[in-house]
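Engineer: First the structure, then my questions, so here it is.
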Amino acid sequence: MSNWEYIIFEFIGGLGLFLFSIRYLGDGLQRAYGKQLQLAMHRFTVHPLIGVLSGIIVTILVQSSTATSILIVGLVNAGYLSLRQAISVIMGANIGTTLTAFFIGINLVQFGLPIMALGAFLIYFFVNQRAQQIGKVLFGAGGIFFGLTLIGDGLHPILSMEAFQSLAASMHTNPITGVAIGTFMTIVVQSSGATVAILQELYAQGGIDLKSALPVLLGDNLGTTLTAMLAAIGATVQAKRAALSHVMFNAIGMIIFLLLLPLFVDIVAWMQHTFELNDKLTIAGAHGFHNIVNTLILLPFIGPFVWLITKLIPGEEEKPMALTNHLDPLFIQQSPVLALEQAKLEVLHMGRLAVDGLEQASTYANNHERQFADLAMQLEKEVNRKDREITDYLSKISINTLSEDESNMHAALLDVIRDIERIGDHFENIVEFVDFQISSNIKLTKEAQQELNSMFDLTIITVKQAMEALDKQDREIALSVLQKEDRIDKMERTYRKSHLIRLNEGKCAGSAGIVFVDIISNLERVGDHAVNIAQLILEE
């Protein structure tokens, strides 16, 4: 193998290890601190400043501002985030992504292999899930440092090449060239973290000066927005606006700092001298300074920014549909932890549809108006559709390596889907029994109708509480479901006996008895399925 082949392979191999390690580190962080990630996602909706903080946290855990942007586009597409909320999170993502550069700036390159070894030891010799996930974090961190060593070794001979020196001179005199190179590199590598790391190596080895490096840094920030734009193709108007807002936010920041480049260079040089930063930390500091200042400049103007984006991409804002709208495959690719959380949101939506179907069936049983039967049957079809789509989504999630907690949640969601689907079957049966009652001109006594209504009311409340227990993971609510289901069982036995008495006394016809008993039997089974859902909470 020639020296040039060795150099190229070393650089490419180091870059590959670096990218893999960033992904592996992010995976470990997500699995070790998944609850914090989910909490950050839920906090998106509170306030712009909280949105910025959430964007920082999510990007640190995902280890990619691009991944965070893709997740944001998916959430906006699902109707889970407004454009205003999405913009604040994107601002936070830009700040969060600078942590990797600071992490690299700490001179631990020589410890890359020992850190990888420690991580591998925790992964393969510990059974505890948290220890294994921390092992992943350490292995990823060590891989980043070792990958940088290989990248640096591969870059060193290139710096003496006449072509590179000519390019470096061009970047020094023409900042636009640096911006273009940074943008192109990030688009190709698909990681601003990797391109900033390469820039840190180039600056540390004296390949380029500060005036040449900073425009490349600005280009890196612009290039990272492309993937989010691609993710928005075919999405809702709001999702396209969110993706464009990321491009515009970074582009505005780039233009401002490019116009003030001499001042930017002086500030970074002052930071380097005052805080005695090494070369890699200097680039990290410049990265952090740029993204923080850009956020502070634009954060007060989120309102006008939203107005401008809306004018650039006109169209009616689509409201979240009753159809499946949380199951974006982007979540599976970027974060299985969040994919499970989104699947849970859709399961809860499926549960609300089942409750609604029960209520429509109850109304139909009382007033015999066809519109309520039709609505109940439509809801049953929607429940079945969700059953298929959520199950398919969960099967795709299972391709990923899941932690023990995630595997338990995955299995629990599949069980809940099955129970909700069966609840749909039971209220469909009830509608059909009422159809038979109407077509056969069967009359129920006032007492029988009152008993049906009492059992309907208790059953509906029980299913609502089962879904609430799942949503809040609340054991007390789950225990209340068990108590109510016990009352449903007693109700069913009592009402069977009272109806037999009515039959014997000639108050009800035999055909009326069949309708009555079949309806309360289906309601009792609905209660059983509510208990199954509650039991999953109690078993955790």
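Engineer: Determine if the stretch 75-84 includes at least one residue that is open to solvent by less than 30 Å² (accessible area, probe 1.4 Å), at pLDDT 80 or above and in a helix (DSSP H, G or I).
Structural biologist: Within the stretch 75-84, one or more residues are open to solvent by less than 30 Å² (accessible area, probe 1.4 Å), at pLDDT 80 or above and in a helix (DSSP H, G or I).
Engineer: Residue check: is F164 assigned to a helix (DSSP H, G or I), open to solvent by 10 Å² or more (accessible area, probe 1.4 Å) and either at pLDDT below 85 or of a type in the set (A, V, I, L, M, F, W, C) (or both)?
Structural biologist: Spelling it out, F164 is indeed assigned to a helix (DSSP H, G or I), open to solvent by 10 Å² or more (accessible area, probe 1.4 Å) and either at pLDDT below 85 or of a type in the set (A, V, I, L, M, F, W, C) (or both).
Engineer: Inspect all residues belonging to the stretch 504-517 and state whether any of them is part of a helix (DSSP H, G or I) and either of a type in the set (D, E, K, R) or in contact with a strand residue (DSSP E or B) (Cβ under 8 Å, 6 or more places away or on another chain) (or both).
Structural biologist: no
Engineer: Tell me whether the stretch 229-252 contains one or more residues that are of a type in the set (V, I, T), at pLDDT 90 or above and surrounded by fewer than 20 Cβ atoms within 10 Å (Cβ to Cβ).
Structural biologist: Yes, because at least one residue in the stretch 229-252 is of a type in the set (V, I, T), at pLDDT 90 or above and surrounded by fewer than 20 Cβ atoms within 10 Å (Cβ to Cβ).
Engineer: Something else: Given the structure, is V416 β-branched (V, I, T), within 25 Å of S54 (Cα to Cα) and at pLDDT 90 or above?
Structural biologist: no
Engineer: On to the next question. Across the stretch 288-321, what is the total count of residues that are modelled with pLDDT under 90, small (G, A, S) and open to solvent by less than 30 Å² (accessible area, probe 1.4 Å)?
Structural biologist: Looking only at that region, the number is 1.
Engineer: Look through I514, I460, I501, I519 and report the one residue that is open to solvent by 10 Å² or more (accessible area, probe 1.4 Å), touching a residue at least 60 places away in the same chain (Cβ under 8 Å) and either touching a Gly at 6+ places or on another chain (Cβ under 6 Å) or not hydroxyl-bearing (S, T, Y) (or both).
Structural biologist: The conditions single out I460.
Engineer: Within the stretch 196-227, which residues are more than 19 Å from H172 (Cβ to Cβ) and among the hydroxyl-bearing types (S, T, Y)?
Structural biologist: T224, T225, T227
Engineer: Have a look at L470, L452 and point out the one that is closer than 20 Å to F372 by Cα, open to solvent by less than 50 Å² (accessible area, probe 1.4 Å), in contact (Cβ under 8 Å) with a residue 40 or more places away in the chain and in a helix (DSSP H, G or I).
Structural biologist: L452
Engineer: Among the residues of the stretch 361-383, which ones are loosely packed, with under 15 Cβ neighbours inside 10 Å and in contact (Cβ under 8 Å) with a residue 12 or more places away in the chain?
Structural biologist: Answer for the stretch 361-383, where residues must be loosely packed, with under 15 Cβ neighbours inside 10 Å and in contact (Cβ under 8 Å) with a residue 12 or more places away in the chain: N366, H368.
Engineer: If you check every pair at least six apart or on different chains, which have Cβ atoms under 8 Å apart with a residue in the stretch 279-299 that is within 14 Å of N107 (Cα to Cα) first and a residue that is of a type in the set (A, V, I, L, M) and outside any helix (DSSP H, G or I) second?
Structural biologist: From the stretch 279-299, the pairs are L281/I106.
Engineer: Let me ask something additional. Taking only pairs six or more apart or across chains, which ones have beta-carbon atoms under 6 Å, a first residue in the stretch 121-138 that is part of a helix (DSSP H, G or I), and a second residue that is surrounded by fewer than 20 Cβ atoms within 10 Å (Cβ to Cβ) and of a type in the set (D, E, K, R)?
Structural biologist: Every condition considered, the pairs that remain are Q129/E404.
Engineer: Another question, then. Name the residue that is nearest to R422 (Cα to Cα), counting only residues in the stretch 433-465 that are hydrophobic (A, V, I, L, M, F, W, C) and in contact with a Phe, Trp or Tyr (Cβ under 6 Å, 6 or more places away or on another chain).
Structural biologist: V434
The values are calculated or read from the model by the stated rules, or taken from the named source; none is laboratory data. Just so it is clear, the structure is predicted and the values come from calculations on it, not from any experiment. Methodologically, a virtual Cβ is constructed for each residue, glycine included, from the backbone with ideal geometry; neighbour enumeration extends over all protein chains shown. Please note that ligands, DNA and RNA were not included when accessible areas were found on the heavy atoms of the full protein model with its side chains. Shrake-Rupley method; radii C 1.70, N 1.55, O 1.52, S 1.80 Å.
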